[in-house]
Amino acid sequence: MRRLFGVAAIAFVSVAAPAQAQPADEFFRNKRELIFITSSNVGGGYDSYSRLLARYLTKYLPGNPRYVVQNMLGGGGIRAANFLYNVAPKDGSVIGLIDRGMPTAPLLYGDKSQARFEAVKYAWIGSLMRETGMGVVAARSRVKSIEDAKVHQIHFGATGPETDPAMYARLVNELVGTRIRVINGYKGQPEQFQAVERGELDGLFMSGWSGPGRAYVRDQIGRDQMRLLVQMAPTRDPDHKETPTLLDLVSAPEDRAIVELQLDRVAIGRPVIGPPDVPADRIAMLRVAFNMAVADPEFLKEASLQRLAIDPMNGNDAEDLINRLYRTPAPVIDRLRKIVQVTE
């Protein structure tokens, strides 16, 4: 709480005294500490990526200011996304890594969304990983395949109703006819894995197949404790060719259009953003620092040791992707909203 109060205090000062036209080089050189917000619980995939990136961003900013990572939980990431847009100072001193589903929450849920932002106005710094998703179940579950999931009800976990894991369940239920019920309110993926181990959950949808979660699931598969149910990807993972993708399971053109839109959304991966209206030269400097950090051999070595996959997207490409998603034709969006809207 003290840490979060500190961020809010910085934000208040920002509101009271707007950023001056100080050159980016001078701005960062005069900072001893910067804030890096992550929407993940400590130990989760987003947290691991955030702490790794924060250490290397410092290396490529003038004066090498230290990033302080702060975990801001709530609503599966919506709290952090709203904070960065509405409260964080708009001067480049606070950036964050948010849940990949948050930037398009307003697109999917419209006026039912708790999002209080316009995603196209964020300062897009980059993404650490272009993602795909995966549905996994415990080996002990009576559901062994998608066909089984059409017959038997199973329980999956999620952090919040507007997150991709929760939305995936509603999407697959609608398009394929499965009977997956979502239990919301888990702090993060590690807690969901523990719930699966305890028998509290049957499984979960992983909206990212890159971080420590993938390493954990692959270890569990090797111990015959878990199995894959469906892949949320355009093509099958070469290591798991026996598991169908959602595209394999739908044939109607209008259904495939919905699935393809979802896959484009997931591609934003591990998005690193800043508040809107940050001076352009500071965002440009942060983008350069990001690009250099993710190409740093020491960064890549450390990521490999932590079993964190890296397939970065630069800030310009991430911004273009978000703009393209928000230009999706209205009829496609309307149908998608009817499918994924929260009804519980």
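Bear in mind these aren't lab numbers, they're just calculated from the coordinates by the rules spelled out. No experiment lies behind these values; they were computed from the predicted model shown. Because the Cβ atoms are built from the backbone with ideal geometry, glycine has one as well, and the counts that use them run over all protein chains shown.
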Report for the chain the percent antiparallel among DSSP-assigned beta bridges with both residues inside it, nearest 5.
50 percent
GNM top mover of 323, 41, 82 - the chain, alpha-carbon springs below 10 Å:
323
Helix 45-59 versus the longest principal axis of the chain: what is the Cα-based angle in degrees, 0 to 90, to the nearest 10?
30 degrees
Can you list the trypsin sites (Lys or Arg not before Pro) in region 202-244 that are in a DSSP coil and have 12 or fewer other beta carbons within 10 angstrom?
223, 241
Students often get this wrong, so try it: which of [x] 19.9, 63; [y] 28.4, 94; [z] 20.7, 69 is Rg and Dmax of the Cα atoms in Å as calculated from the structure shown?
[x]
Relative contact order of region 133-265, please, whole-number percent, based on alpha carbon pairs below 8 angstrom and at least 6 residues apart.
32 percent
The chain: relative contact order from alpha carbon pairs under 8 Å, six or more residues apart, as a whole percent, is 25 percent
So for the pair residue 144, residue 32, with labels modelled 7 Å out along Cα→Cβ, what separation do we get in nm?
6.3 nm
Loop GluC sites (Glu not before Pro), region 33-142 (other Cβ atoms within 10 Å of the site Cβ: 14 or fewer; DSSP):
118
Within region 247-344, which trypsin sites (Lys or Arg not before Pro) sit in a loop by DSSP and count at most 16 neighbouring Cβ atoms inside 10 Å?
307, 327
Using the alpha-carbon atoms, what tilt in degrees (0 to 90, nearest 10) does helix 189-198 show relative to the longest principal axis of the chain?
30 degrees
Assuming a strict under-16 Å limit between Cα atoms, what lysine pair count do you get for the chain once near-sequence pairs (fewer than 8 apart, same chain) are dropped?
6
Could you tell me the relative contact order of region 205-344? Use alpha-carbon pairs under 8 Å, at least six residues apart, and round to a whole percent.
25 percent
When a/c reaches 1.5 or more, the comparison of a/b and b/c decides; with that in mind, is region 29-105 rounded, prolate or oblate per its Cα gyration tensor?
oblate
Subtract the Cα-Cα distance of residue 324 and residue 302 from 0.36 nm times their separation in residues, and report this length gain in nm to one decimal.
4.6 nm
Please compute the net charge surrounding residue 163, taking Lys and Arg as +1 and Asp and Glu as -1 over other residues with Cβ under 11 Å from its Cβ.
-2
Report the Cα centroid-to-centroid distance between region 31-99 and region 117-183 in angstrom, as an integer.
25 Å
Charges only on Cβ, +1 for Lys and Arg, -1 for Asp and Glu: so what's the dipole of the chain about the Cα centre, in debye to the nearest 20?
620 debye
Per residue and in cubic angstrom, what volume does the convex hull of the Cα atoms of region 133-265 have?
100 Å³
Calculate how steeply helix 315-325 sits against the longest principal axis of the alpha-carbon atoms of the chain, using the helix alpha-carbon long axis, and give the answer as 0 to 90 degrees to the nearest 10.
50 degrees
Give the long-range amide H neighbours of residue 126: residues separated by 5 or more places, or on another chain, with amide H under 5 Å away, using H modelled in the peptide plane at 1.01 Å from N.
272
